[in-house]
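Everything below concerns the one structure shown next.
Derivation of every value follows stated rules applied to the coordinates shown; laboratory data play no part. Not measured: the values here are computed from a predicted model. Note that each Cβ is placed from the backbone with ideal geometry, even for glycine, and that neighbours are counted across all protein chains shown.
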2 protein chains.
Amino acid sequence: VGRKDKETDGVDVMKEMGIGILGFGTVGAGVVEGLRRNRELLADRTGIRPVVRRIADLDLTADRGVAVDRSLLTTDAAAVVADPEVDVVVELIGGTGAARTFILQALAAGKPVVTANKALLAEHGRELFEAARAAGTGLYFEASVGGGIPVMRALKDGLIGNRIESICGILNGTCNYILTRMEREGAPFDEVLKEAQALGYAETPPDLDIDGMDTAHKAVVLASLAYGTPVPMSACSVQGIRGLDLREIEYARELGYCIKLLALIKNHEHGYELRVQPTLVPQDHMLASVHEAFNAIFVEGDIVGETLYYGRGAGRFPTASAVIGDIMEAALKRQAGGTDPLAAWILGRSDPQMMPPEENRLRCYLRMGLKDESDVLARVAHVLGSHNISIASVVQKERRCGAYIPVVFLTHRARECEFAAALAELDGLDCVEPGVVRLAVEDFSGDLA
Amino acid sequence: VGRKDKETDGVDVMKEMGIGILGFGTVGAGVVEGLRRNRELLADRTGIRPVVRRIADLDLTADRGVAVDRSLLTTDAAAVVADPEVDVVVELIGGTGAARTFILQALAAGKPVVTANKALLAEHGRELFEAARAAGTGLYFEASVGGGIPVMRALKDGLIGNRIESICGILNGTCNYILTRMEREGAPFDEVLKEAQALGYAETPPDLDIDGMDTAHKAVVLASLAYGTPVPMSACSVQGIRGLDLREIEYARELGYCIKLLALIKNHEHGYELRVQPTLVPQDHMLASVHEAFNAIFVEGDIVGETLYYGRGAGRFPTASAVIGDIMEAALKRQAGGTDPLAAWILGRSDPQMMPPEENRLRCYLRMGLKDESDVLARVAHVLGSHNISIASVVQKERRCGAYIPVVFLTHRARECEFAAALAELDGLDCVEPGVVRLAVEDFSGDLA
């Protein structure tokens with residue numbers, strides 16, 4: 001006995017749920033394929049059978065790598081949203097233009113929406129969640145951060161009893177792939193980026209990824225859920241990995257670190273800190289073991305302590321897994337008839353209380369070229385000290401060529417604005433080569449170290 | 001605006017949910033403390049305010065480290081279950097006796113039950129889930145596996161679209177603590193165990209932990225959810241870490257491995273494999289970075305690929321975090337009025353299809369003492385080969401003392417029954433010291449290596 005028997009007893013026991021997909025690209029095709037492969041499994045598990053009713057895309061001729069009945073395809077996304085047979089709308093168009101319009105239309109029609117669109121959520125989150133709340137329906141976005149990793153579920157369900165103290169993660173698979181290859185092969189940034197683009201691991205142009213904005217979008221979405229308020233993008237300070245010099249990776253390794261593009265969200269007494277930066281991570285820390293296109297997110301709750309979520313952060317099937325999870329949640333909630341409290345949760349606090357980025361306190365890695373003069377180290381140390389930056393360690397390398405000797409400083413924690421002022425002052429010294437390199441350092445003091 | 005305003009507008013918007021707690025031990029006190037600390041946060045997030053109405057324990061005098069109104073306390077658990085003000089019952093008594101009775105009473109009364117009781121779920125899961133399904137209510141058990149790590153949520157929500165291919169995890173914090181200390185300090189098993197007991201990290205007697213049964217209980221609960229059938233304990237082969245010799249840790253290290261007590265669940269074409277064993281894990285694998293009392297669980301889905309969940313596997317607050325998450329899920333589901341599909345899910349397939357343990361295929365680490373005779377290695381290799389066990393590497397150590405030379409073999413994959421037969425035959429040879437040590441080896445071929 002079990003569900004199988006019920007299915008044959010009567011069609012009313014096994015409910016069908018109509019899915020409309022907007023955007024038939026890589027992820028859209030993965031969703032169609034995944035739903036097809038595991039449709040009976042989903043029906044077994046939930047009593048609901050998801051059925052793709054319509055798929056909208058502007059290009060109906062491209063090969064998506066999945067066979068679908070031509071009659072499902074249309075170029076008219078609005079018609080898919082309006083179709084009475086479509087119960088759940090899946091937005092995979094991307095960007096902040098048409099995607100926003102169709103999501104608002106679907107929500108206004110009382111239909112739950114599933115989206116993977118971090119840029120849209122980061123830029124227009126408040127508007128979208130307000131629309132969902134007003135319509136009493138749900139907006140689901142697990143797929144927008146960390147690909148197939150169910151980290152949003154962790155925040156909103158499993159860790160619901162926790163005040164979130166901090167989140168720290170590798171959120172962009174392209175950057176992590178580039179950093180992994182630079183570290184393993186000693187290949188320079190430009191070369192690895194070109195190869196990644198040729199292999200389809202990086203977009204052309206790659207700006208959103210390598211300049212850190214994609215990571216920042218995801219950090220903002222995570223922070224919005226963690227802190228119950230739509231966090232503005234302006235609250236996030238962003239530094240990408242574009243042009244990262246191989247020397248940074250070498251010097252970091254000698255000091256016992258590797259370099260990762262990290263998003264950091266911290267709950268301070270006076271506000272939230274939010275920043276994206278190439279960061280030195282101790283080699284024995286779990287984040288240092290996150291290679292290639294994988295993502296990993298540490299979440300620290302006041303009750304649970306540290307937890308970690310790891311998996312593939314992008315790609316056809318991992319992202320489809322998250323979309324399908326959201327489709328089923330929307331379907332189950334719709335069947336139960338209750339309203340989803342998530343929109344209200346994210347709109348729960350009226351005051352974001354973000355810390356001004358310049359007040360962030362962090363450790364830094366500084367690399368600079370210094371002239372070979374007797375008092376130059378003392379002069380640099382004096383400048384740093386005058387800005388309340390104390391030095392944890394100094395490594396002076398041998399001169400490779402040119403007039404400057406490379407020197408690497410690891411500092412103790414200091415305020416962002418002090419670093420900015422100190423670097424401006426150092427850049428004005430004739431004994432310092434222009435262009436001091438600055439990266440963040442995280443030691444994860446406590447259990448994570 | 002926001003929820004705060006609604007609260008003051010009318011009491012009907014913010015619903016109270018009555019909680020009854022059975023068992024006021026370490027975790028029970030953590031739940032009371034956690035709910036008190038974050039009650040307003042929970043109300044903000046969900047619109048429901050959880051209120052502890054009654055707490056039952058046989059011992060009402062012990063100091064629980066949390067202040068509660070004496071009038072909440074009772075020795076009468078049945079009265080708590082029956083109390084009309086109690087909407088959700090939290091079972092933290094443990095064991096398979098009274099806990100089972102009270103859970104069945106609560107379910108029969110249509111009240112959702114939250115439990116951390118892996119032994120009960122592993123031994124009586126079918127009965128409990130059938131009772132929940134019959135009553136149309138929920139049985140929630142996130143806290144039964146992995147402490148505060150929301151891995152059950154991942155399986156039943158985030159990864160719902162996936163067929164689960166494999167699960168591999170460190171599920172017992174006590175064993176991992178002992179192994180970590182043995183590895184770091186070179187301290188022998190008995191000494192570390194005694195210290196762990198003195199510090200309260202290990203129970204007295206420690207049998208459930210160090211003999212692997214606690215890990216097996218958790219593996220069975222994970223497998224039941226992953227495969228949609230109450231898996232019987234008899235399907236799990238179990239080997240603990242009791243008496244593990246420091247030499248195993250040293251030799252494993254020399255070979256590039258560390259030793260972890262792993263639970264392994266694999267989905268094969270002809271059935272499910274389920275085993276608990278001390279296992280050699282490559283030093284650069286993420287599971288090798290799981291130290292002290294932390295737990296970590298790899299879950300591989302057919303769509304999402306590999307994902308990992310990590311956090312504190314036990315203790316007052318981590319476990320309380322999971323219990324509170326389940327309380328809120330039960331409360332939200334109860335408010336929505338729908339039935340929880342979880343019990344039906346776990347009872348979804350009538351045939352467990354477990355692979356007979358003797359058919360499991362695995363790599364092994366074998367350490368044996370061999371007499372210093374010219375053809376002895378050849379004789380051992382011949383025995384292994386005659387049982388279809390091929391050797392991947394051999395390390396012969398220098399003799400320390402006694403008549404035997406220690407030799408370590410890493411084998412390729414072979415069937416469990418072949419290993420058993422080969423070891424029986426080796427034990428009969430006069431050139432082999434009685435008591436060959438056998439551990440499992442996992443190389444996580446693919447992305448995890």
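Using Cα-Cα distances under 8 Å and only pairs 6 or more residues apart, what relative contact order does the stretch B:226-317 have, in percent? Reported relative contact order: 21 percent.
Indicate the gyration tensor shape class of the stretch B:402-449 (rounded, prolate or oblate), computed on the Cα atoms with a ≥ b ≥ c the square roots of the eigenvalues: a/c under 1.5 is rounded; otherwise a/b larger than b/c is prolate and the rest oblate. Don't skip to the answer; put the middle values down first.
Details: a/c = 3.94, a/b = 1.84, b/c = 2.14.
Since a/c reaches 1.5 but b/c is at least a/b, the shape of the stretch B:402-449 is classed as oblate.
Other protein chain C-beta atoms within 10 Å of residue C-beta, averaged over A:203-211: 0. For residue A:247, the shell of other residues with beta-carbons less than 14 Å away shows a net charge of -1, using +1 for Lys and Arg and -1 for Asp and Glu.
Taking the Cα centre of the stretch A:174-233 as reference, the dipole from Cβ charges on Lys and Arg (+1) and Asp and Glu (-1) amounts to some 260 debye. Shape of the protein assembly as shown from the C-alpha gyration tensor: rounded (a/c under 1.5, with a ≥ b ≥ c the square roots of its eigenvalues). Of all beta-carbon atoms in chain B, the one sitting closest to the axis that brings chain B onto chain A gives B:336, 2, with the distance in whole angstrom.
Dipole of the protein assembly as shown computed with +1 at Lys/Arg Cβ and -1 at Asp/Glu Cβ about the Cα centre; of B:82, A:138, A:128, farthest Cα towards the positive end is B:82. Label-point spacing at residue B:25 relative to the other copies reads 5.2 nm, in ascending order, each point sitting 7 Å out from Cα along Cα→Cβ.
Using a simple charge model, +1 on the beta-carbon of Lys and Arg, -1 on the beta-carbon of Asp and Glu, nothing else, what dipole does the stretch B:180-324 show about its Cα centre, in debye to the nearest 20?
On the way: 12 positive and 21 negative charges, 66 e Å.
Dipole size: approximately 320 debye.
Per-residue Cβ counts within 10 Å, from other chains only, averaged over B:310-318: what number is that? Numbers along the way, then the final one.
Details: counts 8, 14, 5, 0, 0, 2, 1, 7, 6.
Across B:310-318, the average partner-chain Cβ count within 10 Å equals 5.
Principal semi-axes of the equivalent ellipsoid, √(5λ) from the alpha carbon gyration tensor of the stretch A:61-135, are 23, 16, 9 Å from largest down. Centre-to-centre, using Cα atoms only, the stretch A:12-54 and the stretch A:280-340 are separated by 21 Å.
For residue B:246, inter-copy separations between label points set 7 Å beyond Cα along the Cβ vector come to 4.4 nm, shortest first.
Averaging sequence separations of C-alpha pairs under 8 Å and six or more residues apart, then dividing by the length of chain A, give the relative contact order as a whole percent.
On the way: 922 pairs, mean separation 71.5, N = 449.
Once divided by the residue count of chain A, the mean separation gives 16 percent.
Residue by residue along A:286-294, Cβ atoms of other protein chains within 10 Å of the local Cβ number 3 on average.
Exceedance of the 20 Å cut-off in Cα-Cα distance is limited, within the set A:156/B:118; A:156/A:218; B:118/B:156; B:260/B:371; A:15/B:15, to A:156/B:118; B:260/B:371; A:15/B:15. Placing a label point 7 Å from Cα along the Cα-to-Cβ axis, residue A:268 is separated from the same position in the other copies by 5.6 nm, shortest listed first.
Taking chain B as the reference, fit the longest principal axis to its C-alpha atoms, fit the long axis of helix B:173-185 to the helix C-alpha atoms, and give the angle between the two in degrees, 0 to 90, nearest 10. Tilt of helix B:173-185: around 40 degrees. Which FRET efficiency value, to the nearest 0.05, is calculated for residue A:60 and residue B:443 with the Förster distance at 45 angstrom and r the Cβ-Cβ distance? Computed FRET efficiency for residue A:60 and residue B:443: 0.50.
Comparing Cα centroids, the stretch A:96-132 and the stretch A:391-419 end up 46 angstrom apart. How far, in degrees from 0 to 90, does helix B:316-336 lean away from the longest principal axis of the Cα atoms of chain B, to the nearest 10? With both axes taken from Cα atoms, the answer is about 50 degrees.
For the protein assembly as shown, a crude dipole built from +1 on the beta carbon of Lys and Arg and -1 on the beta carbon of Asp and Glu, taken about the Cα centre, is about 1140 debye to the nearest 20. Compared with the dominant Cα axis of chain B, that is its longest principal axis, helix B:26-37 is turned about 50°. Only helices enter this figure: runs of n ≥ 4 DSSP H residues, each worth -39500 (n - 2.57), summed and divided by the residues of chain A, yield -11000 deg cm²/dmol at 222 nm to the nearest 500. Ordering B:188, B:150, B:198 by the projection of their Cα atoms onto the charge dipole of the stretch B:115-219, which places +1 on the Cβ of Lys and Arg and -1 on the Cβ of Asp and Glu, puts B:150 at the extreme positive end.
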